[in-house]
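Below is one structure, written out as structure tokens, with a few remarks after it.
The values are calculated or read from the model by the stated rules, or taken from the named source; none is laboratory data. If you're wondering where the values come from, they're calculated on a predicted model, not measured in any experiment. Backbone-built Cβ (ideal geometry, glycine too); neighbour counts: all protein chains shown.
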Amino acid sequence: MSEVEQEIRSAWTLAFASNPSDDKEKFYINVAFPYPSGAMHVGHGRTYIVPDVVARFWRMQGKQVLFPMAFHVTGAPVLGIAKRIAKMDEMTMKLYGGLYRVPQETLASFTDPIVIVNYFADEYERVMKQLGLSIDWRRRFTTIIPHYSKFIEWQYSHIYSQGKVQKGEYPVRYCPVCDQPVGDHDLLEGDSAEVMHFVFVKYPFGGYFIPAATLRPETIFGVTNLWANPEVIYLEAEVDGEKWIISREAADKLRMQKHTVAEIGTISGTEFVGKAAQHPITGVDVPILPASFVDADVGSGLVMSVPAHAPFDYIALRDLQQQGKYTDIVPIPLVIVPNFSTIPAQDIVEKNRIPHQDDPRMDELTQELYTAEFSKGKLNDNCGVHAGKSVRQAREDVTKEFVETRGSIIFHDMSEKRVVCRCGSRAYVRILDDQWFLNYADPEWKMQIHEQLQRVELFPPEVRVEFERTVDWLREWPCTRRVGLGTHVPWDPKWLFEPLSDSTVYMSYYTIAHKITTIAAEKLTPAVFDYIFLGIGDANALPVDATTLKELRSEFLYWYPYDFRFSAKDLLSNHLTFQLFHHKAIFPDGLQPKGMVVFGMALLNGMKMSSSKGNVFLLEDAVNEFGADTVRMFLVGSAEPWQDFDWRNELVLSVRKQIERVWQMVLDAADAIGAAPIDAWLISRLQHRIEAATKALRTFQIRQALQESYNGIVSDLAWYRRRLPEGLNGTAALHAVTSAWIRLMAPIIPYTAEKLWSETGHEGLVSFASWPAADPALVSEAVEVSEELLRRTLEDILSILKLVQFGAKKCTLFVAPEWKYKVFGITAAAEDKRSVVPMVMADAALRAKGKEATDAAVQMVRLIHSLPPEQVVLIAAGVDELSIFSAAKEFLEKESGLTVEIAAADAGAHPKGRMALPFKPAIVVE
RNA sequence: GCGAGGGUCGCCAAGCCAGGUUAACGGCGCAGGGCUUAGGACCCUGUCUCAAGGAGUUCAUGGGUUCGAAUCCCAUCUCUCGCACCA
């Protein structure tokens, strides 16, 4: 097989290079391009095989198909990989040297990130070619070539001038040693840490403020005291011009969050414990109490105490009161929560018998109660104007009130302390103040996308809701980064465009990718792209020669807009929606995306496929072990594109056998001659198979298409064989079947199909042969119904034989009498099957039959419900069962091993004969 | 927690939107038989339980609507994906 594949691959070289055609309609599909930082696994395989099957199908339908591919190398991950390889990091070396089998000498050069992406981009291309993907490789590019950068500059010149890119503040994880933001890939530890947003509620204290850090500002109405850690030395500091008392850690963090902090002095926790601050709303005294659970490294290092609702506060207070201190403090209930008393913190602490505030279970219990209150709680009458609100709502409102009218700040802190950069230093939250954002929050832009979305075809249709939701949910997107590979922001070159933001309209770039490289990159000014993509300006007044420009313009216009874009569902909530926004912002109405197909995820032996966990099966290994067609057919056949699929080696082998079966059956049929009565049935069935497969492919139900074109045809051929007269293995009718069959299978198993196509004497490539068309003139319903009758009857005979205890020799078929067909007809036509009996009785001749007729009517309702509706119609029109069975007498005898006799039920003396129904003869075995 | 989509007879997976084609397509696996020196391949049959072609219990669980529900409604349990600066 691998030799055959080789040979065919060379025949395909350049065959799929696609240029605008004068007479053919275009069909342009594309896939989310890969980030080539590692080897391809079988999960990637499906992502590209599905569009390839679609491309091949439409090509055979006579369309001029464009299926391009490129590589997305923008971003930071490879930088990290290169660094880790330079440091000989064990995990990384194992992954690349072991799993990905990068040769040692090549691995040594992986200290350069560009080398990594180029290496894997080449590998992707090689494996994709092995898989037989019908890609126009002339259009390949990577996103960091100068031409593409010029394209991105052009894109953003429009987005920027429309005011859709804005400057703003943004909290990011930041490494003070590297002086850079750190992404998940850059962290040694703590990649699950989230950025939390505290509100600093300021309590006046002497000439100072004590900013108590809280995640639950709505509980301000239940504050009984503040907590300070007596073991901590706090700072007196001037923060943004006010005097605050905070921990040293908080002071450092505040500096990173755009606050000015000047130290004035220090104050030990013990010094102000026992004194009182003032409640910011009521002004009453709030005592400051000591507590060991208060962490200087969280928030401000000082917290407010809500003992009714915070387990820590409750238990710390209980501990003090047990020593006889502060016994006048009583918890103030605030939040009504189902299944809890008015003091939920007490419930949860006492129920779990927590001995003291340093108990390790406390974090978990706190989380439990916070979640319950957040999702189900309502504020009670202690909460002034907020009484009756949900916790969720009150939190939002109170936060707003404090920030806007009471001078509170939002303080960002990590949910875990151990967040460590690759350099070994701890990472913090830092506010970047000159970050650039794409304003996806713009209501007008959103509205345009909602409107546009209605015109986009989506598969599967269920994803439409999710797209709509995503459009609503998107807000400002930070679109620039300081580190990584990519294109510099033209108006602020210290920034680079972030990867998801430089890949939103590249589908248009494909249309010219193979030609634009002949132009020197520095000539590619925004005006040049304006001409190519938007038709703006005079071709003769631009730095590039006019002929070339016009050619690019016309090629773009030929292909665009694209017809379908394919991607896995994890990109739906970002990339797939972003690209709609960008297309809308840049291109005119007629050039907007027309359709999208969203894929499911990949599993390996039931587990999620993941390179980092080593749970992958490399695509190249799969192709070498099983053959490209087998891999393709397995991936297509195991699930529809939008479903998750599971790769299991043991199942793949059976797919290979199926391909071998096609191969054998087609070659066996090559020299069949002559004719048989069953030919008409086979040809008739074929028309249905073609129709069903075609319909399925048009709606991307590739698995369904495969079932029709493989399983369907195989089972038709099996019945056909069975029905051939003794001594015949095939007839000339098979030639029509195999010719259509090869073409139906060609999109899925192109190598095998290509080989069979030439083996069976056809000229040219099957990849460009015309797709078979169903011919209604070749459909014979009568023949199909009569075969169906035989099939069902034979099945019944065989099942009776199986059950019967004696050695049967003879079988008599009693065919239903004419009047029962009449009852069948009446029943079939009845709108409401419940009224059949009176309808039958209305017929004088039938009424004369008495109970026999009413019984028959009841049986007929059951029978009709058990038959496909279209068959019911045909049977109601009348089936000459007597002659069908007579003609098939020999066949029935051969299959059953019995002597078969056929009789009319009314003539038969046998009492069983009365059981005969239309399409269901009475069977007597003796 | 929020948003989206699922849970079907050993496994994969149709059907559900438009209730009666449904004991529930198809494939895989398994079992029996045929063909064969043998194995493979191929063909036939079976594969929830009983059974002269029929009957009984089934489609995550519990309710409901209906002459009739895997399909519609309600509740519960459970799995997958996304939840943002990241490819």
| query | Within region A:464-483, restricting attention to residues that are of a type in the set (A, V, I, L, M) and part of a loop (DSSP other than H, G, I, E, B), which residue is surrounded by the most Cβ atoms within 10 Å (Cβ to Cβ)? | reply | A:LEU474
| query | Which condition number in (1) under 24 Å from A:TYR558 (Cα atoms); (2) free of Cβ contacts under 8 Å to residues at least 60 places away in the same chain is the one that A:TRP495 fails? | reply | (1)
| Residues located in region A:77-101, provided they are buried (at least 19 other Cβ atoms within 10 Å of the Cβ) and touching a Lys or Arg at 6+ places or on another chain (Cβ under 9 Å) | A:GLY80, A:ARG84, A:THR92
| query | If the Cβ limit is 6 Å and pairs must be 6+ apart or interchain, which residue in region A:474-489 that is more than 19 Å from A:TYR506 (Cα to Cα) and more than 8 Å from RNA strand B (Cβ to nearest atom) pairs with which residue that is part of a loop (DSSP other than H, G, I, E, B) and not hydroxyl-bearing (Ser, Thr, Tyr)? | reply | A:VAL483/A:ALA76
| said: Restricting to region A:319-338, count the residues that are within 21 Å of A:ASN382 (Cβ to Cβ) and touching a residue at least 12 places away in the same chain (Cβ under 8 Å). | reply: 11
| Near pairs, Cβ below 7 angstrom, 6+ apart or cross-chain, from region A:580-609 (closer than 16 Å to A:GLU457 by Cα) to any residue that is surrounded by 19 or more Cβ atoms within 10 Å (Cβ to Cβ) and acidic (Asp, Glu) | A:LYS594/A:ASP563; A:GLY595/A:ASP563
| task | Go through (1) within 12 Å of RNA strand B (Cβ to nearest atom); (2) crowded, with 17+ Cβ neighbours inside 10 Å one by one and return the number of the condition A:ASN574 breaks. | result | (2)
| message | Looking at the structure I just gave you, is A:LEU801 at pLDDT below 80 and either part of a loop (DSSP other than H, G, I, E, B) or over 30 Å from A:PRO747 (Cβ atoms) (or both)? | response | yes
| query | Out of (1) crowded, with 20+ Cβ neighbours inside 10 Å; (2) among the aliphatic types (A, V, I, L, M); (3) more than 15 Å from RNA strand B (Cβ to nearest atom); (4) more than 22 Å from A:TRP12 (Cβ to Cβ), the odd one out for A:LEU756 is which? | reply | (4)
| query | Restricting the search to region A:658-673, which residues are exposed (fewer than 14 other Cβ atoms within 10 Å of the Cβ), in contact (Cβ under 8 Å) with a residue 12 or more places away in the chain and not acidic (Asp, Glu)? | reply | A:ARG661, A:LEU667, A:ILE673
| Answer residue from region A:22-62, given it is under 23 Å from A:TRP642 (Cβ atoms) and assigned to a loop (DSSP other than H, G, I, E, B) and is nearest to RNA strand B (Cβ to nearest atom) among those | A:TYR35
| Output for region A:63-88, where each listed residue is away from RNA strand B (no atom under 16 Å from the Cβ) and within 24 Å of A:ILE512 (Cα to Cα) | A:LYS63, A:GLN64, A:VAL65, A:LEU66, A:PHE67, A:PRO68
| task | Can you tell me which residue within region A:440-463, out of those that are more than 13 Å from RNA strand B (Cβ to nearest atom) and in a loop (DSSP other than H, G, I, E, B), is nearest to A:VAL598 (Cα to Cα)? | result | A:VAL456
| Residue in region A:413-439 that is surrounded by the fewest Cβ atoms within 10 Å (Cβ to Cβ), counting only those that are assigned to a strand (DSSP E or B) and in contact with a helix residue (DSSP H, G or I) (Cβ under 8 Å, 6 or more places away or on another chain) | A:ILE431
| request: Search region A:866-879 for residues being without any contact (Cβ under 8 Å) to a residue 24 or more places away in the chain and within 16 Å of A:ARG792 (Cα to Cα), and hand back the single one that is nearest to RNA strand B (Cβ to nearest atom). | output: A:PRO868
| request: Give just the number: which of (1) touching a residue at least 12 places away in the same chain (Cβ under 8 Å); (2) within 30 Å of A:VAL239 (Cβ to Cβ); (3) within 16 Å of RNA strand B (Cβ to nearest atom) does A:CYS383 not satisfy? | output: (3)
| note | Among the residues of region A:884-926, the number that are near RNA strand B (Cβ under 10 Å from one of its atoms), charged (D, E, K, R) and part of a strand (DSSP E or B) is 1
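Residues checked against (1) crowded, with 18+ Cβ neighbours inside 10 Å; (2) part of a strand (DSSP E or B):
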residue: A:TRP244; (1), (2): yes, yes
residue: A:ALA251; (1), (2): yes, no
residue: A:TYR314; (1), (2): yes, no
residue: A:VAL330; (1), (2): no, no
residue: A:THR342; (1), (2): no, no
residue: A:ARG353; (1), (2): no, no
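Let's see how each residue does on (1) within 30 Å of A:PHE634 (Cβ to Cβ); (2) surrounded by fewer than 19 Cβ atoms within 10 Å (Cβ to Cβ):
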| position | (1), (2) |
| --- | --- |
| A:ARG139 | yes, no |
| A:GLN155 | no, no |
| A:TYR160 | no, yes |
| A:GLY163 | no, yes |
| A:GLN166 | no, yes |
| A:ASP179 | no, yes |
| request: Identify all residues within region A:333-358 that are within 44 Å of the chain's Cα centre (by Cα), of a type in the set (A, V, I, L, M) and over 17 Å from A:ALA394 (Cβ atoms); write none if there are none. | output: A:ALA345, A:ILE348, A:VAL349
| remark: Given (1) in contact (Cβ under 8 Å) with a residue 12 or more places away in the chain; (2) within 16 Å of RNA strand B (Cβ to nearest atom), A:ASP179 misses just (1)
| Which residues, counting only those in region A:495-510, are in contact with a strand residue (DSSP E or B) (Cβ under 8 Å, 6 or more places away or on another chain) and either modelled with pLDDT under 90 or in a helix (DSSP H, G or I) (or both)? | A:PRO499, A:LEU500, A:SER501, A:MET507, A:TYR510
